[in-house]
Every structure is written in C-alpha cells, then in structure tokens.
1. Please enumerate, by chain and number, the lysines with C-alpha under 16 Å from the C-alpha of K13, excluding those fewer than 8 residues away in the same chain.
2. Of K69/K98; K50/K101; K101/K183; K69/K183, which pairs sit farther than 18 Å apart, going by alpha carbon to alpha carbon?
3. For the chain, return all DSSP H helices satisfying: extent of Cα atoms along own axis at least 24 Å; mean Kyte-Doolittle hydropathy at least -1.0.
4. Report, largest value first, the span of the C-alpha coordinates of the range 134-199 along each principal axis, in whole Å.
5. What number, in percent, do you get for the relative contact order of the range 94-210 if the mean sequence gap of Cα pairs under 8 Å and at least 6 apart is divided by its residue count?
6. Which value, to two decimals, describes the C-alpha radius of gyration of the chain once divided by 2.2 N^0.38 Å?
7. Pop the C-beta distance of R152 and V209 into the FRET formula with R0 = 30 Å and round what comes out to the nearest 0.05.
8. Whole percent per 10 Å bin, from 0 to the bin with the longest distance: what is P(r) over all C-alpha pairs of the range 59-133?
Amino acid sequence: MNIILLGAPGAGKGTQASMLAEKYGLLHISTGDIFRANIKGGTEIGKLAKSYIDKGLLVPDEVTCRIVKDRLMKDDVKRGYMLDGFPRNVFQAEELDKFAKIDLCVNIDVEERLLMDRICGRRVCACGESYHVSALNGRTTCAKCGGELYRRDDDNPETVKARLETYFGQTAPLIDFYKKQGKLLTVQSGEGSPEEVFKQICAGLAEYVK
Ligand code: AMP
C-alpha cells in the first residue's frame with residue numbers, strides 16, 4: 001500500500017508516519033528529511049533547498065520531483081511507502097501520478113489556530129521523533145533514543161507564518177485533487193492525542209483494505 005500523508009505544517013504527519021511505519025512496516029519517505037540531510041551534508045541540493053526552506057517557500061518542483069522519482073526507484077519501496085511532505089502542490093501531484101501508484105491520501109485536518117503553537121513549540125530528535133515543549137517537563141533528550149532535542153531552524157514564528165501561507169495557497173488544493181480521484185481519507189486532529197488520530201487512520205485503512 002502506498003500512501004500520501006497530507007496536512008499543514010504541525011498537523012503531525014511525521015508522528016503518524018512513525019506510528020504507521022511501526023504497525024504496517026511501511027517505508028517513511030519525507031522530502032523535508034531528505035532536504036535536511038542534504039543541508040547537513042553540504043551538497044549542492046542542500047544549498048539550493050536551504051535558500052527556500054529558510055523563507056518558508058517550496059523548493060522548485062523540478063528538483064523535488066526528481067528526488068522523489070529517484071527515491072521511488074529503489075527496491076525497498078516494494079513493501080509499500082508513505083510520502084510525507086510530497087506532493088505539496090498540484091503540479092507535483094500530477095507528476096507523481098506519472099511515476100507512482102498511490103492508493104490513498106490521508107489528510108490530517110487541524111484547526112488553523114492550533115498550528116502556530118504546535119510548530120513553534122516543537123522539539124525534534126535526529127531519530128525522527130518529535131515532541132511539544134509543554135509535554136517535556138524540562139527534559140531535553142529523546143525518550144526513544146536518548147538523542148539531544150532541538151528546534152528546527154524553520155520552526156520560528158516568521159518562517160512558520162510563510163510556511164502556513166504556502167500550505168493554504170499551494171498544498172491545500174490537493175485535498176480536492178485526491179477527493180476527485182476517490183482516494184481521500186480525512187482524519188481530525190484537534191487537541192487530542194496522536195494516538196486518537198492514529199486510531200482514525202487505522203480504521204480508515206482497514207476500510208480501504210477490505
Ligand atoms: P517539512 O519537513 O515537510 O516541513 O519540509 C520542510 C521544508 O522543506 C518545507 O517548508 C519546504 O521548504 C521544503 N519541502 C519539503 N517538501 C517539499 C516539496 N514536496 N516541495 C517543495 N518543497 C518541499
């Protein structure tokens with residue numbers, strides 16, 4: 001099964017992806033993670049990506065689509081995968097349809113007023129886990145692997161504002177795109193726990209698999 005995880009920044013795509021990876025063995029492919037690894041490695045793609053990421057803008061489609069296309073050519077995708085952060089606009093979705101077969105798009109719906117606090121309070125670990133400061137009680141290390149937690153460079157109020165604008169202007173139209181394809185599964189994520197969202201996703205997937 002190949003899934004897209006759609007949702008605004010702060011919707012919890014990464015958190016749901018790691019829970020889904022554990023339960024269903026699906027491969028987690030995050031374009032944001034790929035860009036961050038390139039930035040860390042000082043590659044040309046990393047340098048280019050950083051200039052957009054720092055402004056809360058999308059990295060050009062040509063570069064992003066090429067990265068995803070190459071990634072989906074590897075053998076390990078055969079077990080099924082989740083795309084987290086791709087596609088992010090209609091052009092990318094149309095391109096994706098040319099080189100991949102997507103079964104379902106899981107749209108994690110969060111009220112806009114909750115997003116800014118969720119992202120600016122987010123602390124992440126290199127292992128992929130993320131936390132909200134309010135739940136850390138002063139702890140600075142990851143409960144899963146003991147790694148040091150940090151705030152992503154683009155999780156600051158100014159960049160987040162731009163990222164949200166990018167999301168509502170360019171990415172949210174994908175909800176309709178996948179609805180029209182009959183592939184949309186929308187789950188609600190309010191002030192409840194990630195486990196509650198996960199339950200909704202699992203119920204939706206069970207329906208789909210039937
Ligand atoms: P994320 O980790 O998904 O929040 O992505 C971090 C940043 O990477 C985004 O704000 C974009 O600048 C860039 N990015 C990630 N995925 C894409 C994509 N599919 N298309 C263009 N830019 C992307």
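No lab work stands behind these numbers, since they all come straight from the coordinates. In this text the structure is predicted, and so the values were computed from the model without any measurement. Cβ: placed from backbone, ideal geometry, glycine included. Neighbour counts: every protein chain shown.
1. Of all the lysines, those that pass the test against K13 - Cα under 16 Å, at least 8 places apart if same chain - are K23, K199.
2. K50/K101; K69/K183
3. Helices meeting the criterion: none.
4. Result, largest extent first: 45, 32, 21 Å.
5. Once normalised by length, the contact order is 33 percent.
6. On the way: Rg = 16.3 Å, N = 210, 2.2 N^0.38 = 16.8 Å.
Compared with the compact-globule rule of thumb, the chain sits at 0.97.
7. So, using R0 = 30 Å, E works out to roughly 0.30.
8. Spelled out per bin, shortest first, that is 14, 38, 34, 14, 0.
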